Amino acid sequence: EDIQYPSATDAYADTDAIRSMVMKKYDDWKRGRENFLRAAYRNILFYRGLQWIKWDRGIGRWRSAKLPHNTPTPVTNVFASTMDALISVFARIEPQLNFRPGSSDEPDDRAAADVSVRAIEVIEDEVKLRLWRQILAVWVGLTGMAWIETGYDPSPMYGTRFMPTVDPTTEQPAVDPLTGEPQGEQVPIGRMFIDVCSKFEMFYDRSIPVWSLQKEYIREK
């Protein structure tokens with residue numbers, strides 16, 4: 001089936017084409033993922049101490065195994081203790097973000113790289129990066145793969161600030177001719193954020209084994 005991609009002149013104008021393209025990818029990528037999710041969910045149940053379980057093909061879920069009445073079901077959760085050790089190893093891995101200038105002979109490039117090194121420390125503290133890495137380690141240990149999503153949230157809940165309008169004739173902040181009050185609008189301050197994406201939320205091409213080669217994916221949050 002051919003995918004009708006949005007027009008190159010305005011890639012965001014044709015919402016029907018965008019929706020069609022996304023749903024085509026979604027349908028393609030969801031095939032075959034159930035087996036991976038089933039194993040991941042089993043690991044989570046085992047970790048929580050629910051180990052007398054059986055996969056029910058009829059409902060597509062794990063359920064309690066049907067055992068004869070009064071059958072003892074003791075569980076020594078070796079799985080959890082083993083996973084805790086593995087997760088602690090993952091949690092100790094802290095990749096370092098390094099910045100280098102685009103050119104070695106431009107003072108502005110070197111200054112930008114130096115500022116980036118200092119800025120990333122502030123950002124990591126603001127988004128509580130180490131906490132999210134701990135959560136990431138748990139998901140990786142139990143399900144085999146997880147992702148950290150980074151971005152900027154412009155929600156007004158983080159506060160707003162007044163952004164004055166600039167008069168194009170004077171290149172100075174514009175004022176109301178009647179009241180003399182500055183003209184402008186309140187814009188959100190926003191903040192950087194980090195979120196952990198589990199395997200249960202992600203749709204992507206599983207024929208590409210190296211994640212760095214992936215060019216597109218869908219997150220169903």
### Near pairs, Cβ below 6 angstrom, 6+ apart or cross-chain, from segment 154-182 (in contact (Cβ under 8 Å) with a residue 24 or more places away in the chain and part of a loop (DSSP other than H, G, I, E, B)) to any residue that is open to solvent by less than 80 Å² (accessible area, probe 1.4 Å) and not β-branched (Val, Ile, Thr)
Pro154/Pro188; Pro154/Gly190
### Task
Could you list, in sequence order, all residues of segment 95-130 that are open to solvent by 70 Å² or more (accessible area, probe 1.4 Å) and either charged (D, E, K, R) or in contact with a His (Cβ under 6 Å, 6 or more places away or on another chain) (or both)?
Arg100, Asp105, Glu106, Asp108, Arg110, Asp114, Arg118, Glu121, Asp125, Glu126, Lys128, Arg130
### Query
Does any residue of segment 170-177 turn out to be open to solvent by 80 Å² or more (accessible area, probe 1.4 Å), of a type outside the set (Val, Ile, Thr), on the phi < 0 side of the Ramachandran plot and at pLDDT 90 or above?
no
### Query
Assuming Ala11 fulfils every condition listed in (1) farther than 24 Å from Glu220 by Cβ; (2) aliphatic (A, V, I, L, M); (3) in a loop (DSSP other than H, G, I, E, B) apart from one, which condition is it?
(1)
### Query
Looking at segment 190-220, which of its residues are of a type in the set (Gly, Ala, Ser) and either in a strand (DSSP E or B) or surrounded by fewer than 13 Cβ atoms within 10 Å (Cβ to Cβ) (or both)?
Ser198, Ser207, Ser212
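Can you confirm whether segment 48-65 contains a residue that is at pLDDT below 85 and of a type in the set (Val, Ile, Thr)? Give the steps one after another, and end with the answer.
Quick first cut of segment 48-65, residues at pLDDT below 85 only: none.
No, there is no match, as no residue in segment 48-65 is at pLDDT below 85 and of a type in the set (Val, Ile, Thr).
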### Task
Could you list, in sequence order, all residues of segment 21-39 that are open to solvent by 50 Å² or more (accessible area, probe 1.4 Å) and in contact with a helix residue (DSSP H, G or I) (Cβ under 7 Å, 6 or more places away or on another chain)?
Phe36
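In segment 79-94, which residues are open to solvent by 90 Å² or more (accessible area, probe 1.4 Å) and either at positive phi or aliphatic (A, V, I, L, M) (or both)? Quick ask: steps written out before the conclusion?
From segment 79-94, those open to solvent by 90 Å² or more (accessible area, probe 1.4 Å) are 92-93; that's our starting set.
Within segment 79-94, Ile93 is the sole residue that qualifies.
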### Residues of segment 158-184 classified as among the aliphatic types (A, V, I, L, M) and within 30 Å of Val127 (Cα to Cα), total
1
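Among the residues of segment 131-152, write down those that are hydroxyl-bearing (Ser, Thr, Tyr) and open to solvent by 80 Å² or more (accessible area, probe 1.4 Å).
If we filter segment 131-152 for residues that are hydroxyl-bearing (Ser, Thr, Tyr), which is where we start, we get 143, 150, 152.
Selection gives Thr150, Tyr152.
The values are calculated or read from the model by the stated rules, or taken from the named source; none is laboratory data. Only a predicted model underlies this, so the values are computations on that prediction, with no experimental measurement involved. Ideal geometry is used to build each Cβ from the backbone, glycine not excepted, and the neighbour counts take in all protein chains shown. These accessible areas exclude ligands, DNA and RNA; they are computed on the full protein's heavy atoms, side chains included. Shrake-Rupley method; radii C 1.70, N 1.55, O 1.52, S 1.80 Å.
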